[in-house]
Structure formats: structure tokens, C-alpha cells
Amino acid sequence: MRQFGAILKDSFREAVDGFVIYLMLGLSAVVVLIVGSLSFTPAPPPEAFAKIVPGFSAVFPEKGRSRVFTGSADQYRATDVQPAGGGYALRLGVTAQPNAGPLPGDNGDSFRQAVAAWAKPAEKAGEVEVGGKGKGGRKVDFGVQSASVEEQRAVTDARMAEFIASQFAVQAGMDATVTRVTTNVAEPEYAFDVTTTGGSSVKGWPHTTKIFFGATTLNDETPLGGVLWLIEDVIVSRFGGTLVLLVGMIITAFFIPNMLRKGSVDLLISKPIGRTQLLVYKYVGGLTFVFLLSAFTVGGIWLALAVRSGYWNPDFLWAIPILTFTFAVLYAMSTLVAVVTRSAVAAMLLTVGFAFFLFVVGQIKSGYDDVRAERPDAERSAWVGPVIDTTHDVLPRTRELDVLTRRLISEGTLTPAMQRLAVQAAGPPAPLLATFGVSLAHIALMLAAACWWFGRRDN
């Protein structure tokens, strides 16, 4: 263990022997300070619920679990909003549109139809564009849910209350207790007494976000989860994660070549430590450096956001081990190239090229899967699909690791409705065993090759 500590200390000394690491830590500290200058002011409860409940007209079948959504003509309004324990009590009113028929009120209405359709399996009718056309928008599945008059009549008060509670969970990220009110309320008007929990620090609560301790307003009354997602996923995970990987590849590219310089390696291997053990220790030292850098940055931003917003999202911290594991794949390649060439420049360039190649393969695979899903019956070359699939399957799954990080962050910050309607999908979840298994196999193979080459050379 003392040997490992000595080599780790040596790796750390090499990492800090230059301005890059100090620059990175300084930039991370500045980013954490800027995030800490953010302020999140919740909208007053009456205004917040007035913005939240109109979204209930978007209905997700299968009791809120489907990705297909359908619309209803119902109008929702929240009144008599009052604090209640750790949440709020309010009266939710619904104005439905009666179905056409010879006997008004005997043929159901749009609210009963929405509740009945909500409990049924999804019926996809097509796709609609949300978020605007072009780059800012995307297509989501849309359904036209049907419910017979008999199904609408069979909707009970308990089922209506269950539907309203589900809408609070799906649209606002709130837990709610709901009871239907029938006194002095005649269909197609409906009323419900609702008690929510979580206060205003919930995903869907509108907040006004300011930066630099209130000097500049970034947005007015935007759902809290959407702002946190923008910071954690777009700014930190994508841009910041890419920067950490790039800097990590540059700095650690010098670790192995410096160790293999004549005189340095002679001194090391003269001690009671095997060459394989020495190389593996050096490899772990590089991983430790990136782990500490990502932990400082991600952990600092997470703490600043949690303290300033009042919403604690531990899922964001998964970015630290996933980012470190992604770097482990790339650093294994760097280690192999460094042992073979003894050149830091070669290790750096080939590793960056390898990372770019994996990115391109992942993008091609994702794009081809989208084409296959949109046009399953289209004619294609017999060899293109198998070549793309095989190439993707045998290479490290860096894109799937990125998708996993994005999925964890979005699930921790966004309401289910926001995930399905407002944010570009990260892609279907990949099997974790395949994602990590294939990548681990590549790490083991590249390290084994590096150790074999290191052991057979004269130094």
C-alpha cells in the first residue's frame, strides 16, 4: 500500500507541476462561485398553481406512464390556495365540454373521457413537433384516445381523484391527496379539494432565476427543474465533462512517458515491485487525478445549487463516477500508446483521436437507429446495418455512458411531463451490463497489452 501511495504521490506531483491543473481548479472554483451567486425565487402560490394546472390538459395514458400523450378540451383553475403543513391546500375546478347527444349530460363529457382514456393503454396516432420547428424542436408521440359512453359513465369519483393526483405528480412533481367535491357542483363542472406536499421546492414550481446575487434576471417563473437541468446537464455534464476529459487526457499523457525515461524506470524497477504492478499503479494514479478534479467541480456545483435552490438532487453526483469510468476507457488507450511509443505527444493525439472516433461511431449508431424507427419498411443496403451495429457493439460504449448520465440528471430534475414534451430525449436506455461490460473488457485488454509490452522490453 505504501508503494501505491508513493506512486500516486508521484503522479500528483507531475499533475501539479505546471499551470494547467491550477488553471482547471481555478476555473472550477469560478464556476462554483458563479453558480453560488444564483438565486431562485419561487412564484407566490396562487400564481404558481395558476401556471401549473392548465398543463393538466395534456394526458398521458397508462395512468401517466406512457410516452404517448393526448390533449383534452378541459379547462383547469386553482382557487383558495392556502398553506397546509409542508405544502398547500387548494380547490381545483375543471370545466369540461359535454359530448354531443340528444340528452345533454347523458353522453359523458371531455373530462370523463380524459380520465377513462388515462387509465387505458396508449393509442399512438402519429407525431407532433414540440419546442418549435428546426433545431430547437423535436417530435413526440401523440395519440387520440377514445373512450365509449359506457366507459365514461363507469368513471368513479375515486378514479377521478386518482387521475388528478397523477397529474400533479406528472406535470408538477408534487405528491397530492385529492377528494372530489360534489356539493353544489353539477357536471360538466367538477371540483376537487387538493392538498400537496413539498412546498415550493419541487420540480415543477415556477421560479424566477437571477445571477450575480440578484443583479441580473435570467428568466421569469420557469419551472425549477428546468433551470437545474439546464445547468447540470447542458452546462456541466456535456460542456464541463468534455472539458474535464480533454484536460485529463492532456495532463495524464505525460505520466507514463515520464516514468519510462531512462533512469526513472531503472530506479523504480530496482525496488521490490513488479512491472505490471508498477504500470497498474500508475494507471490508477491517473484515474485518481481525474476523479478528484471531477469530484471538486461536480460536487461543488451540486452543493451550491442545492443550498441556493433548496432542491437536493443526489442523482447529479452520479456524474462523478461515470465521468471517471469514461476517462478510464480513454486512459487505458493512452497507457498502451505511451508504453509502446514512450511519447507523450503520441499518447495525447491518439487518445484524443480515439475519443473522437468513439463519438462519431455513437452518433452514427444513434442516427441510424432513429431512421430505422421512423421508416422500418424502407429499403436499405444489406450490409450497412450489420456493420454499424457490430462496430458499435464491439467498441467501448462512451456514448451510452453519456446517455446514462443525462438520463439520471433529467430524472432527478425534470417532471415526467417535461422529460417527454420539453426535452430532447437522450435515447433509449442501454443494458447496463453491456454498457459497462464491453467497456471494462476494453480496459482490461488494453492494460494487459500495455503490461505485456512493458514486461518484454529492456529499459
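Listing for the model above:
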read-out: Sequence-distant residues sharing a close amide H with Glu221 (under 5 Å, placed H); value: His207, Thr208, Thr209
read-out: Where labels lie 7 Å past Cα in the beta-carbon direction, separation of Asp389 and Leu243 in nm; value: 4.0 nm
read-out: Neighbour-count ranking [beta-carbon atoms within 10 angstrom, fewest first] of Tyr88, Tyr368, Tyr281; value: Tyr368, Tyr281, Tyr88
read-out: Sorted peptide list for 26-33, 192-199, criterion being average Cβ within 10 angstrom, highest first; value: 192-199, 26-33
read-out: Hz values of 3J(HN,Hα) by residue in region 114-121 - Karplus curve (6.51, -1.76, 1.60), Gly and Pro given as x; value: 5, 5, 5, 5, 4, 8, 9, x
read-out: Built amide H within the under 5 Å cut-off of Lys120, gap 5+; value: Glu62, Lys63
read-out: ³J(HN,Hα) computed for each position of region 309-314 - Karplus, 6.51 cos²θ - 1.76 cosθ + 1.60, integer Hz, glycine/proline x; value: 9, x, 10, 9, 10, x
read-out: For region 175-192, 3J(HN,Hα) per residue [Karplus equation, 6.51 cos²θ - 1.76 cosθ + 1.60, θ = phi - 60°, Hz, x = Gly/Pro]; value: 8, 9, 9, 10, 9, 6, 10, 10, 5, 6, 10, 10, 4, x, 9, 9, 9, 9
read-out: Extension reserve of the Leu23-Thr195 stretch, reckoned as 0.36 nm per residue once the Cα distance is removed; value: 56.9 nm
read-out: Footprinting exposure proxy for Lys63, Lys203, Lys210 (fewest neighbouring C-beta atoms within 10 Å first); value: Lys63, Lys210, Lys203
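Here, each number is a calculation from the coordinates, and none is a lab measurement. The structure displayed is predicted, hence computed values, not measured ones. Because the Cβ atoms are built from the backbone with ideal geometry, glycine has one as well, and the counts that use them run over all protein chains shown.
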